[in-house]
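In what follows, a structure is listed as C-alpha cells, so that the remarks can point back to it.
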Amino acid sequence: MNAIILSAIWGVVMMFSSVLVKNKGAFRHIAALGLLVLLAANICDSYGPSFFPINTHDMLRFDSFGLFFNSIAIASTLIFVLLSGKDIEKAGSYVAEYFVLIFFVLCGVCILSSFNTLLMLFLGIEILSIPLYILTGSDKRNLKSNEAALKYFLMGSFSTGIMLMGIALVYGGTGSFQLEVIRSVFGSYKGVSFLEVTGLLFLLVAMCFKVSAAPFHFWTPDVYDGAPAVFTSFMATIVKAAGFIAFLKLFDARVADTSTAVNWKMLFCIIIISTLLIGNITAVFQQSVKRMLAYSSIAQAGFMLFALFSLNDFAREGLLLYAAAYSLATIGIFAILLKMKDYTFEGFNGLAKKQPLLAAANTVFLLSLAGIPLTAGFFAKYYMLASVVKTGGYTWMVVVGVLFAAVSAYYYFRVIQAMYFKDGEGRTEEVSGSFKIGVALLAGLIILFGIQPQALLNWFYF
Amino acid sequence: MIPVLLILIPVITGLIAFFLPGEKAPKIWTLLSAIVTLGVAVAGVYSHRAAELNFDESWIPMLGARFSLSMDGMAKMLCLLTAASFPLVFGATYRNDYPKPGNFYGLMLLLQAGLMGVFLASDCLLFYFFWELALIPAYFLCSAWGGERRIAVTFKFFVYTFLGSLLMLVAILYIYFRTPDQSFALESFYNVQLTAKEQGWLFWAFFIAFAIKMPVFPFHTWQPDTYEQAPTAVTAILSGVMVKMGLYAVIRWLLPVFPEAVAHFDHCVIWLAVAGIIYASLIAIRQDDIKRLIAYSSIAHIGLMAAAIFASHKAGGEIGLQGVMIQMFNHGVNVIGLWIVVDAIEQQLGSRKFSELGGLAQRAPGLAILFVIMAFANIALPLTNAFVGEFMMFNGLFRFSFAAAAVAGISIILAAVYTLGMVQKVFYGNTVPRTENAVDSDLSVKLMLAILAVVIIGLGVYPQPMIQLTNDAVEAVITKFHSI
Amino acid sequence: MPIQYYIALAACLFCIGVVGVLVRRNAIIIFMCIELMLNAVNLLLVAFSKMYHGTAYAHDVNSTAGIEGQLFVFFIMVVAAAEVSVGLAVIVMMYRNVHSTDVNFLNRLKN
Amino acid sequence: MTLLVEPPLNNATNYFPIGVQFLFAIGFVVVMMFVTHWLGPKRKTGDKLANFASGIESHGDARHPVAIKYFLVAILFVLFDVEVIFFYPYAVNFKMLGWGGFWAVMMFVSFFVIGFFYIIKKGALQWED
Amino acid sequence: MHLLALDWMMLIEKLVLIAVIITVSLVVAMYLTYGERKVAAFLQDRRGPNRAGPAGLLQPLADGLKLFFKEEIIPNSSNRFLFVLGPCLAMLTAMMSCAVVPWGSDFTMFGRTISLQIADVNIGILYVFGVVSMGVYGIMIGGWASNNKFSLLAALRGASQVISYELAMGISLIALLMMTNTLSLKTIVEQQMNGSWWNVVYQPLGFLIFFVCAMAECNRAPFDLPEAESELNMGYHQEYSSMKLGFYLFSEYINMFISSIIMATLFFGGYDIPFVNEANLAPNLAAVLGVVCLLGKSLIFIFVFMWIRWTLPRFRYDQLMNLGWKALIPLALLNMVGTAVIELWKQ
C-alpha cells in the first residue's frame, strides 16, 4: 500500500513543484528523492509496517511477490532517472510533468503487482497506460512521436476494450471479479461455460496486446521507435515487466490448468513461439539500434512468456529475476544510446576507442540481454528455461527458445562488433563523469546478479 | 585450494592487465602470471592430498548449485597443459606487438581462467558457466586482433558454440530436475536415472555442444575459418587447449551420465568421426595456407580421439580411452608447436601461403629442425609422443570395429602426405623472393620450440608418467560403464 | 428479459466497435468505435449485475450481491473519460502537424 | 437465467412515457420542418446562398483550427464532469454512509481540488492574454 | 413481453398529458417572446408591441406565422444534413427536458388516479442534466454546419460556456441532494410539502449558484456571449432563417421556461401552494391549484430573468469563464462540503 499511495502523492508533489519551482534541473533531483522515499517505504512495507492501513476489501493483496517486484520496479526507475534524468529534460518543455507521469505509471505498476480483483487489474493497466500515451507523444513537434502516440493510444484503448469485454464475460460466468472465486469456479465446473472461456480468451488477447506478444505485437516497434528514446527506455522495461507480472497473476496455475475447454498450454506455446520468431527475426534486419531494441523487447517478451507457460515457483522467481535483469540492462543500453549522436549501428562504430568505459558497460548490458553467463541475463533465461523443463513435456519448445536465443546473440553482438571491431567516430554527446560512474556501477550490478542471483532473489524469501 | 588458485590467479592478474599502460608492462606481467600459474599447476600435479585438490563452497543455494572444483588425474593433466601452453605461447610471441596490449593479454588470461574452470568444475552449472566464459574472451581476441574477415568468421564461431552450449543447458536443466536431490553435483548427475528415450535426446543435446567445440565432422565448419583469421597466439590456445574442452567434457560429462545412449549411438558417432578424419585429411592436402592446413589436420586428429572415446565402452576399449587421455596432452603440445612456427614465419615474412614460401630451411635452419620434429609428431611417427597415443587409440578402435579402424588408419598416410608436403613446400625447394632475405627466428621462439621438442621426444620415449596420471580417470569411466 | 438478449446486444455493439476500429481510417471514428466497445461492456456488466442481484434479491431483500458489476461500470466511465481527454489531445496534436486525422498517415514509421 | 424484475420505482415501464414523448417530439420537429419547407417560397440566388459575413466577402473555409483554449475547456469539462457525476451516488446515500463516507468523499474532493488548482496554476483557464 | 402487458389506458393518459404539456410549453414560449418585449419596454419606459390584437397580444402568433412562410436558405458551403439537424436537435432537447417534471399532485378523473408527471423515474435530476447537456450539440452542430466564421466562433463560445457552467450547476445541486437523499423530483417536492420549509431556506447559496448557472445555460444575458451581436453578428444561428431559426429561438425560450420550472421544483416547493395545507383541499382542486402555483412561481423566475437581461451589461468572455470556473465551482464545492458537515453534525 505504501508504494501505491506514496507514488500518487509524490506525483502530485511533482505536479505542484512544476508550478512552484522555476529551476528545470531541480525536478530530477526531486524525482530521485521521491523514488528513494518510495523505495524505502516499499521495503518497509515488505518487512511489515505499512503506513496506510487501509481496508482494501481484498481488492488488493500484498504478498512478497508483488512487493518485491515493486522494489525492483522502483529501483529500476531510480536508476533510470539517475542515468537518463538529463535526457528527460531534453524531451520537451514540460519537464516536471514527465516525472509526474512516471510516478503515476509507477502507481499503476504497484497496483498491477498486487491486484486481487479484475477491477484493480483494469485500473492498474489504465493508470499505467494513460500516462504512457502522453509520454510517447511528448515530443510534440516531431511527427514520429505524434504517430507513435496516436498508434499507441488507439491500440492501447482497443486492447482495453477487449480486456473489458473479457472481464465482463468472466463476470457473467462466475459472478465475481475476485481472482479466488474465478479460480474456484474454474476448478469446480465439470465443463466451464462458454462465457468464462471466451472471457478468459479475451483477457489473454488483451494481455498479449499489453505485453506485445505476437500476434498482437505489431504496434510495439513503431511506438518504441517513435517515442522519445528516453521514454522508450522506461516503457520497454519497467512497464513491460509490470505487464508480465499482472499477466502471471491473472493466469495463475489454477485457472490455466483445470479448464479443459481450451488447451491453454498449446495456446501459450503458439504465442511464445511466434513471439520469439517474429521478435528475433525482424530484429536481425534492423538498421537502427533503437528499433532493434524495440524488436528485441518483443523477443525478450517471448522469453518472459515462458513463465506464463509453466506457472510454477521457478516461473515466479524467474520472472522477477528476468524483470530485474532485463530492465537494468535495457535501461543501461538506452542511457548510452541517448548519448549517441547517431542511433544506427554505424553510429556505434569505434565507440570503444573514444569511450572505453561506456563501450565496456554497454557490452555487459548487451551480453546480459543475450543471456551470456556471468551476467544477470543468463540466470534470467536460465530460470525461464528451467521453469518449462520442470513442468515436463514441451521440452522441444525449450529447444526452440534456445535456438532463438542464439539468433538474438546475432543482433546484440552487432553492436559489440560495431563498438570494438569497426573503425569509426563513435560520436557522443558530452558525457559527464558521474554518468560514467553510474553506468559502470550498473554494469557491476548486472555482473553481481550474474554471479550471485540470490543476492537479488533472497529478498524474495526474507 | 590449488584449483581455486588456478582460476583466481589468471582472473585477477588478467583484470589488472587491462589497466597496465604501455607495451612492455602487460607482456611481462602476463608472462609472470602465466609462470606462477604453471608453478601452481605443477604443484597440483604432484599433490595427492584431497584437501588441496578439492574445493567446495556454497554458491547458489536456491538452485542447488555449488562452487565445487576438484582435480583428478585427467583434470591435472589438462590443467598442466593449459598452464604450460600459455607461458609457451607468451614466450614465443614475446616479440609480437599487438595494438592495445593490455586488453589483449588481459583477455588471454581470462581465457585461461575459463579453460581452467572448465577442466576443474565438478558442478554442472559451474561447468556450464566456465564453458561459456572461455568463449567470450576468445571471441573478443579473435574479433579484435584477427585477420581481415575476422568479424564475420569469429561471429560464426561464437554462434556455433553458443548455440551448442545452449542446447546443453537445456539438457543440463532436464537432468537437474531428474536428480534425486535437485543438484548439479557430478555425483548426482552420475547417479541420475533416465529412461533410454530421455538418454537418447539428452545425449544428442550434450554431444552437439561438445562436437561443435571439438569439432567433429559436420559441426566443424567454423573451425578452419576461425583458426585462419584469429591471431596465431590465440589460434594456438584455441586448437591446443580449447578443443580439449570438448573431448574432456565428453569423457567427464557425457560417457558416465548416458552410458546406454553411448552404447546405442556409438556407431553413429564413430562413423561421423571417421568420416571427418578422412574428409579433413583430404581437404588438408589441398590447402594453400599453413594455418588452414593445420586446422584441418587438427580436425582429423580430434576426430580420431572422438572415435576412440566412443569406442571405449566395449571390452578392451579402455586402452583407447587411455590413449585419448595422453593424446589430448600430446596433441596440445604438438599443435602449439606448429602454431608457434607458423607465427614465427608469418611475423617475419608476412605470408602463410605455400605458393609464396619456399626454401626457408636455408635461411632459418634452427627453425626448420624444430619444425620437422613438430611435423613428425603431427604424423605420429614412432619416438614422438603422438605415436604412443595414436597407437593406443587405434588399438581401442580396432576392438570396437575393424572397419572403422581400418578407414581411420588411412588418415595416418594422409597425415604424412599433407604434413610432409607442408614441410617440403615451406622449408625446402628454392627460395622465393619473399624468403630471400629471411633470417632465423628469435631465440625466444626457438627456446620455446626446443622445450616442446624435448617434451615431444621425452613423452614419446617414456609416456608412463602421463599414463599413470590419468589412469584413475579412465578407470572411473570404465567402471561406470561396466556397472550398467 | 432473458440475459441472452443482453449478451447478444452487447456482442453486436462490441463487434460493430471492433469492425469499426479495424475498417475505418479516421482516428476520431476509430476512437468512437472504441468507446462503443466500452459501452457494450458497460451494458453487459450492468445486465449481469442486475441478473446476479435479482437472483440474490429473491432470497434476501437486503442483499447487495451483484453491485460490483455496476461499480465496475463507474470505473470504466472514469477511465473512458481519462482516455478521451488524452486521446483527443493526441489526435489534436496530430492534426496540428499533418492537418489530417487519417490514420493512413501513420505508416511513416514503417521504413 | 433471466433478469428478475423488482417492484421498486426503477422499472422499465417507468421510462416508457419518456419514449413516447421522444417519438412525439421527433414527430413534431419533423412535421414542422417539412411544413415550413413546403410553405416557404424558393427563390435561390447565388448571393443568397453565399455565407453571410456582414457584407464582406468571406474568405475560404471557416473550419480552421481554433484556439486550443476551447479544446482545453472541453477536455477539462469531460474530466471534471465525470468527477461531479460521482458525487451524485454519494449525495443520495449521504446520510447512510455517515462520517466514514464523508472522509472517503473528502479524499475524492481533495483529488478534485488538487486537479482544479493545478489547471488554474498551469494557466489552463487563463482567458485574458 | 412487458410492452404488451402495458396498461393501454395509461398510454392514452400519458399521450394526452404529453400533448398538453408540450403545447403549453410552446405557447408559453411564444408568449415569452411577447413578454420579453413587453418587459423590456416596461423597463426602458417604452410601449412594446401593441398593434396585433389588444395590447399586441396576437403578436407572437403573427411572428410564428411569419416564420412558417419565410424562405428557407441553406448556404452552399454548409453541410446540409448537419445544418438541418442542428435546430432539430435544439428543439428536441428542449421538448424532452420536461418529461420528469411533476406538474401537480395526483388528479382523479373517471375513477382513475392520473399523475401529472409524464414519467416518474428515480433518476429524475440526472435525466434533466442529461437532456440539458444534449442542448450543446444543437448549438455546436448548427454553428459548425453553417461554415461561417462567426457562427463557428459563437458556437464554440456557447459550447464552452454551457459546459463550464454545467459543472458548477452539478456541484451546487449535490448539496441539495444531500438533504433530500433522492434524485426523484416528485419525492423532492413531496418532502418540501410535508417538511416545514422550502429547500431554498436550507440552500440559499446553492440556489444562487444554480440560478446563475441556469441563466448561463440558457444563454441569457448577461451570459449571452454566443449571440453577442456587437462581436459576432447574430451568433451561431446567423445563417439560419425560417422555422430553423424559429426552432433555435423557441428552444431558448422553452429552456428558460423549463429551467424556471426546475428551479421552482427543486428549491421553491414545486407545486406546493404556499401557506396552505393541501390535505385540507379537495384533491382535484389541490392539483389544479398546484399547477397554477408552479406556473406562477416559474413566471416570477422568468420575470427575473428578463429583468436581469435588460438591466445588466454583457460579460466579457474572460470574465464569464473566470466567474464560472474560478468563482462558482469553488463556491459550489464549499457549499457542498459545508452542507455535508452540518448535516452530519445534526445527525
Within segment B:200-250, residues being surrounded by fewer than 23 Cβ atoms within 10 Å (Cβ to Cβ), farther than 30 Å from B:Met448 by Cβ and touching a Ser or Thr at 6+ places or on another chain (Cβ under 9 Å) number 1
* Asked: Just a yes or no: is a residue in segment E:56-75 crowded, with 19+ Cβ neighbours inside 10 Å, within 8 Å of chain D (Cβ to nearest Cβ), touching a Ser or Thr at 6+ places or on another chain (Cβ under 9 Å) and modelled with pLDDT of 85 or more?
  -> no
Practice task
Inspect segment E:53-75 for any residue being more than 23 Å from D:Pro41 (Cβ to Cβ) and basic (Lys, Arg) and give the result as yes or no.
Solution key: no
Across segment B:430-450, the tally of residues that are of a type outside the set (Asp, Glu) and assigned to a loop (DSSP other than H, G, I, E, B) stands at 7
- Item | E:Phe211 buried (at least 23 other Cβ atoms within 10 Å of the Cβ) and under 18 Å from E:Ser164 (Cα atoms) | no
Within segment C:25-55, the residues that are under 20 Å from A:Thr174 (Cα atoms) and away from chain D (no Cβ under 13 Å) are C:Ala40, C:Val41, C:Asn42, C:Leu45
Checklist line | Verdict on B:Gly146 being of a type outside the set (Val, Ile, Thr), within 26 Å of B:Ser298 (Cβ to Cβ), at pLDDT below 90 and buried (at least 24 other Cβ atoms within 10 Å of the Cβ) | finding: no
Counting only residues in segment C:64-105 that are at the interface with another protein chain (Cβ under 7 Å from one of its Cβ atoms) and among the small types (Gly, Ala, Ser), the one farthest from the chain's Cα centre (by Cα) is identified as C:Ala89
Scanning segment A:135-161 for residues that are of a type in the set (A, V, I, L, M, F, W, C) and crowded, with 24+ Cβ neighbours inside 10 Å, the one nearest to the chain's Cα centre (by Cα) turns out to be A:Leu135
Wholly inside segment A:42-154, helices (runs of 4 or more DSSP H) that include 2 or more residues that are over 14 Å from A:Phe234 (Cβ atoms) and away from chain C (no Cβ under 13 Å) are A:64-91, A:95-112
Condition set among the aliphatic types (A, V, I, L, M) and buried (at least 17 other Cβ atoms within 10 Å of the Cβ), scope segment D:86-96, selection farthest from the other protein chains (Cβ to nearest Cβ): answer is D:Val92
Subset of segment B:256-276, residues surrounded by 24 or more Cβ atoms within 10 Å (Cβ to Cβ) and either within 19 Å of B:Phe329 (Cβ to Cβ) or touching a Pro at 6+ places or on another chain (Cβ under 9 Å) (or both), comes to B:Gly276
Could you go through segment B:66-79 and let me know if any residue there is more than 14 Å from chain A (Cβ to nearest Cβ) and in contact with a Pro (Cβ under 6 Å, 6 or more places away or on another chain).
yes
(1) among the aliphatic types (A, V, I, L, M); (2) surrounded by fewer than 22 Cβ atoms within 10 Å (Cβ to Cβ); (3) within 21 Å of A:Ala206 (Cα to Cα); (4) within 13 Å of chain D (Cβ to nearest Cβ) all hold for C:Ala58 apart from (3)
Of all helices (runs of 4 or more DSSP H) fully inside segment A:238-351, the set with 2 or more residues that are at pLDDT 90 or above is A:240-250, A:264-284, A:289-310, A:313-339
Reported set for segment B:104-121 where residues are out of contact with any Pro (no Cβ under 8 Å at 6 or more places or on another chain) and surrounded by 24 or more Cβ atoms within 10 Å (Cβ to Cβ) is B:Leu115, B:Val118, B:Phe119, B:Ala121
Note: among E:Ser242, E:Ser298, just one is crowded, with 22+ Cβ neighbours inside 10 Å, of a type outside the set (Phe, Trp, Tyr) and over 23 Å from the mean Cα position of the chain (by Cα), namely E:Ser242
Within segment E:259-286, the count of residues that are in a helix (DSSP H, G or I) and under 17 Å from E:Leu208 (Cα atoms) comes to 9
> Among the residues of segment E:276-293, is any at pLDDT 85 or above, exposed (fewer than 14 other Cβ atoms within 10 Å of the Cβ) and within 20 Å of the chain's Cα centre (by Cα)?
Replying inline: yes
Taking segment A:379-395 and keeping residues more than 13 Å from A:Asn312 (Cβ to Cβ) and modelled with pLDDT of 85 or more leaves A:Phe379, A:Ala380, A:Lys381, A:Tyr382
Residues of segment A:393-410 being in contact with a Phe, Trp or Tyr (Cβ under 8 Å, 6 or more places away or on another chain) and either not assigned by the TED database to the domain that holds A:Pro356 or not β-branched (Val, Ile, Thr) (or both), in sequence order, are A:Tyr394, A:Met397, A:Gly401, A:Ala405, A:Ala406, A:Ala409, A:Tyr410
Per the filter on segment E:156-170, residues within 7 Å of chain D (Cβ to nearest Cβ), touching a residue at least 40 places away in the same chain (Cβ under 8 Å) and more than 16 Å from the chain's Cα centre (by Cα) are E:Ser160, E:Ser164, E:Leu167
Qualifying residue in segment B:208-230 (condition: touching a residue at least 24 places away in the same chain (Cβ under 8 Å), within 17 Å of B:Tyr128 (Cα to Cα) and of a type in the set (Ser, Thr, Tyr)): no
Across (1) out of contact with any helix residue (DSSP H, G or I) (no Cβ under 8 Å at 6 or more places or on another chain); (2) closer than 23 Å to C:Val19 by Cα, A:Gly166 clears everything bar (1)
By my count, helices (runs of 4 or more DSSP H) wholly in segment B:277-373 with at least 2 residues that are crowded, with 24+ Cβ neighbours inside 10 Å are B:290-311, B:318-349
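The values are calculated or read from the model by the stated rules, or taken from the named source; none is laboratory data. Values in this document were obtained by computation on a predicted structure and should not be read as measured data. Cβ sites come from the backbone with ideal geometry, for glycine too, and all protein chains shown count toward neighbours.
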